[in-house]
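Chemist: Have a look at the structure that comes next, please.
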C-alpha cells in the first residue's frame, strides 16, 4: 500500500437496496469463504496485532446503546447475517446467501423475507448457531424493556417464524428500503446467552460476550486493554492471528508516539492526527494512508436547552465559527468543509446547500435582531436566559481541545460565553451523550447505515433516547417535515426516486442547524509494514470490519 490518497466510493447503483439484485449474493474477496480457514492442512493462526484506540470500548453487547469504538470489538467477536464491503456490495455472513428477489429471499413487493443460514456454525462456547438466535436477536432489539441502540426497521418485522434450524422467514409491515443495510450492521447474539436473565440490560453476557466471530473474548483490563484469542472453529476465512489486542490510549500524541515506537501495530480510532502526518510519511517501517471517512465533525446543540431554541442563535454561532481557519491551522488542510451530514462520495449528497460564511458582524446582527442584548458583563441575554453554555468533548483529544479554544474566543467576540467541560471517553460518550445531558458537544458521527441514506436513527423525533425513544437523536431535534421525508425515503426502492427526499432533508437540516457541520473526515491511517488485509471501508464505522483476514506477511 502506498502513502498516496486512496478513495473508496459507494456503488451509485445502490446494489445494497433490496431491489439492487445482481451482485448482492457474491462473496467479496478475502472475506467469508466457508471452510477455507482451518481446513486440513491450513496454516494455523500466528502472532498478534495490537490496535490503538483513543476511546475505550465499554459496551460489548452490540445491541445496547454504544458508539463507534465499541463496534471495533463487535466486528471481531460477532457476525451479521451479511456485511457490506468497500464497494458497497453485500457479502454473506451467517446467512448462506444474501437474500434478493432473484434468489427468492425477498418478494417482489419487499414484504416477504426468507433467509437460509449457514450450516455447522457454532458459538464460541461450542453450542450450535440456529435460526432461533436470529429470531431472538431481532426480538431483543424491539423489546420495550431493553435499552436498544436501534429499533428502526426492526419494529416493522412481523410473523418471525423458525422454519428449521437453518431457515427463518418473516414479513415486513410495510416495504422499507433501508432494511438490508440495517441488517448488515446487526450482529447476531446467542439466545442461550440470556437464558434465565430477568434484566437483559444487565446480563452477565454483556461483560463476557459469546459470538460466532473470528475472535473469542479473553479479558478486559479496564482503562488499559482488551484481549481476544483466535476462534479456530470459525466458519469463514481466518482468523490468521493468535491474539488481537485493543489498546486504550486516550492522548492522541501518545497514541502516535506508541505507533512510532512500535508498541502498537495499527493506529485505530482517532488515527494519526494531521499535525503528525508529514513525519509519519517518512517512517521507514510504517505504511501511511489518507482515508476518506463517512464521519462528519460538528458542533452539536442540545435543542432542549433554552439557549438553543432560537434559530437566530444557532445561525449566529455558525457565522462565528471560523471552520476554514480551524481546518487550515489545526488539521493542515486535510479535511474538506461540508454543509451536510452525508459523505461527499455518496450518491445522495446534496452539493447545493448554502455555503457557510464566517462573519462576526452578521452574527451580531442576527442576535440583536432576535432581541439578544448584552448585559453588564457583556454576555447577551433574552427573557432571563443568558447566552452562556458549556461545550464538551473527549478529554485528551488535543486537536478538539484547540478547536474549543478557537470557538470560545470567537463566540466571546459576539457576546456569547462558552465554557469548556471535557470528560473521559467512557463518561463523555455514555449517558452524558446518549441521554442528552450536555449543553453542546464537539463530535464526529457517521450518520448513514452503510451507504444507505436513511438517518432515522439520528433525526426521527421518535429516536430521542432522553424521551424514551430508541436511537441517537441526542440533540433532541424535532421536525415534522424531516419525519415525513424520512418516511417517504424509506418507502422508495429506486435510488433516483429516493434521492429527492434525502436532498430535501439535507436542505431542511442545513436550515434548522441542530448542529454546525464543520468537515468530513479524512483520516491518516497507519500500520506496521507486514500487516496485511487492512482495508479501508467507508461503508462501516470502524477499521476492524474484516479483522478475520488480518495477518502478518
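Chemist: Right, residue 434: under 21 Å from residue 57 (Cβ atoms) and touching a residue at least 12 places away in the same chain (Cβ under 8 Å) or not?
Modeler: Judged against the criteria, residue 434 is a match.
Chemist: Restricting to the stretch 514-533, count the residues that are surrounded by 22 or more Cβ atoms within 10 Å (Cβ to Cβ) and assigned to a loop (DSSP other than H, G, I, E, B).
Modeler: Final tally of qualifying residues: 1.
Chemist: Give me the residue from the stretch 65-99 that is in a strand (DSSP E or B) and either more than 15 Å from the chain's Cα centre (by Cα) or at pLDDT 95 or above (or both) and, out of that set, surrounded by the most Cβ atoms within 10 Å (Cβ to Cβ).
Modeler: Residue satisfying both the conditions and the ranking: 90.
Chemist: Could we say that residue 414 is surrounded by fewer than 21 Cβ atoms within 10 Å (Cβ to Cβ) and modelled with pLDDT of 95 or more here?
Modeler: no
Chemist: I'm trying to understand the selection: among the residues of the stretch 440-465, which are free of Cβ contacts under 8 Å to residues at least 40 places away in the same chain and outside any loop (DSSP other than H, G, I, E, B)?
Modeler: Listed by number, the residues that qualify are 461, 462.
Chemist: Oh, and also: Inspect all residues belonging to the stretch 396-411 and state whether any of them is farther than 17 Å from residue 308 by Cα, touching a helix residue (DSSP H, G or I) at 6+ places or on another chain (Cβ under 7 Å), modelled with pLDDT of 95 or more and not in a helix (DSSP H, G or I).
Modeler: No; the residues of the stretch 396-411 include none that is farther than 17 Å from residue 308 by Cα, touching a helix residue (DSSP H, G or I) at 6+ places or on another chain (Cβ under 7 Å), modelled with pLDDT of 95 or more and not in a helix (DSSP H, G or I).
Chemist: Let me ask something else about it. Among 245, 226, which is outside any loop (DSSP other than H, G, I, E, B), buried (at least 19 other Cβ atoms within 10 Å of the Cβ) and either out of contact with any helix residue (DSSP H, G or I) (no Cβ under 6 Å at 6 or more places or on another chain) or without any contact (Cβ under 8 Å) to a residue 60 or more places away in the chain (or both)?
Modeler: 226
Chemist: Name, by its number, the condition in (1) under 23 Å from residue 405 (Cβ atoms); (2) out of contact with any strand residue (DSSP E or B) (no Cβ under 6 Å at 6 or more places or on another chain); (3) surrounded by 18 or more Cβ atoms within 10 Å (Cβ to Cβ); (4) without any contact (Cβ under 8 Å) to a residue 60 or more places away in the chain that does not hold for residue 260.
Modeler: It fails just one condition, (1).
Chemist: Here is a follow-up. For the stretch 417-431, name all the residues that are under 22 Å from residue 310 (Cβ atoms) and surrounded by fewer than 16 Cβ atoms within 10 Å (Cβ to Cβ).
Modeler: 419
Chemist: Hey, any hits in the stretch 83-105 for a residue that's free of Cβ contacts under 8 Å to residues at least 12 places away in the same chain and touching a strand residue (DSSP E or B) at 6+ places or on another chain (Cβ under 8 Å)?
Modeler: yes
Chemist: Please state which of the following conditions residue 376 fails to meet, knowing it meets all the rest: (1) assigned to a loop (DSSP other than H, G, I, E, B); (2) closer than 21 Å to residue 300 by Cβ.
Modeler: Checking residue 376 against (1) assigned to a loop (DSSP other than H, G, I, E, B); (2) closer than 21 Å to residue 300 by Cβ, the one that fails is (2).
Chemist: So which of 488, 548, 470 is assigned to a helix (DSSP H, G or I) and closer than 25 Å to residue 187 by Cα?
Modeler: 548 is the lone residue from the list that is assigned to a helix (DSSP H, G or I) and closer than 25 Å to residue 187 by Cα.
Chemist: Sort out which residues of the stretch 322-345 are touching a helix residue (DSSP H, G or I) at 6+ places or on another chain (Cβ under 9 Å) and over 25 Å from residue 402 (Cβ atoms), and write them in order of number.
Modeler: Listed by number, the list holds a single entry, 342.
Chemist: For the stretch 167-183, enumerate the residues that are touching a residue at least 24 places away in the same chain (Cβ under 8 Å), in a loop (DSSP other than H, G, I, E, B) and surrounded by fewer than 19 Cβ atoms within 10 Å (Cβ to Cβ).
Modeler: Matches in the stretch 167-183: 174, 175.
Chemist: Does residue 374 fit the bill of being within 28 Å of the chain's Cα centre (by Cα), surrounded by fewer than 18 Cβ atoms within 10 Å (Cβ to Cβ) and at pLDDT 95 or above?
Modeler: no
Chemist: Tally up the residues in the stretch 493-511 that are at pLDDT below 90 and crowded, with 17+ Cβ neighbours inside 10 Å, please.
Modeler: 3
Chemist: Quick test of your reading of the structure: residue 481 fulfils all but one of (1) in contact with a helix residue (DSSP H, G or I) (Cβ under 6 Å, 6 or more places away or on another chain); (2) within 18 Å of residue 68 (Cα to Cα). Name the failing condition by number.
Modeler: (2)
Chemist: Of the residues 311, 291, only one is over 18 Å from residue 401 (Cα atoms) and either touching a strand residue (DSSP E or B) at 6+ places or on another chain (Cβ under 8 Å) or crowded, with 23+ Cβ neighbours inside 10 Å (or both); which?
Modeler: The match here is 291.
Chemist: Out of all the residues in the stretch 354-371, which are outside any helix (DSSP H, G or I) and surrounded by fewer than 18 Cβ atoms within 10 Å (Cβ to Cβ)?
Modeler: Selection gives 354, 355, 357, 358, 359, 370, 371.
Chemist: What are the residues in the stretch 489-511 that are farther than 17 Å from residue 449 by Cβ and more than 22 Å from the chain's Cα centre (by Cα), if any?
Modeler: 494, 496, 497, 500, 504, 507, 508, 511
Chemist: Also, quick follow-up: Go through (1) closer than 30 Å to residue 69 by Cβ; (2) touching a strand residue (DSSP E or B) at 6+ places or on another chain (Cβ under 8 Å) one by one and return the number of the condition residue 398 breaks.
Modeler: Checking residue 398 against (1) closer than 30 Å to residue 69 by Cβ; (2) touching a strand residue (DSSP E or B) at 6+ places or on another chain (Cβ under 8 Å), the one that fails is (2).
Chemist: Please go through the stretch 206-217 and give me each residue that is within 19 Å of residue 44 (Cα to Cα) and out of contact with any helix residue (DSSP H, G or I) (no Cβ under 7 Å at 6 or more places or on another chain), ordered by number.
Modeler: 212, 216
The values are calculated or read from the model by the stated rules, or taken from the named source; none is laboratory data. Because the structure is a prediction, the values reported are computed rather than measured. All Cβ positions, even for glycine, are placed from backbone atoms using ideal geometry, and neighbour counts span all protein chains on display.
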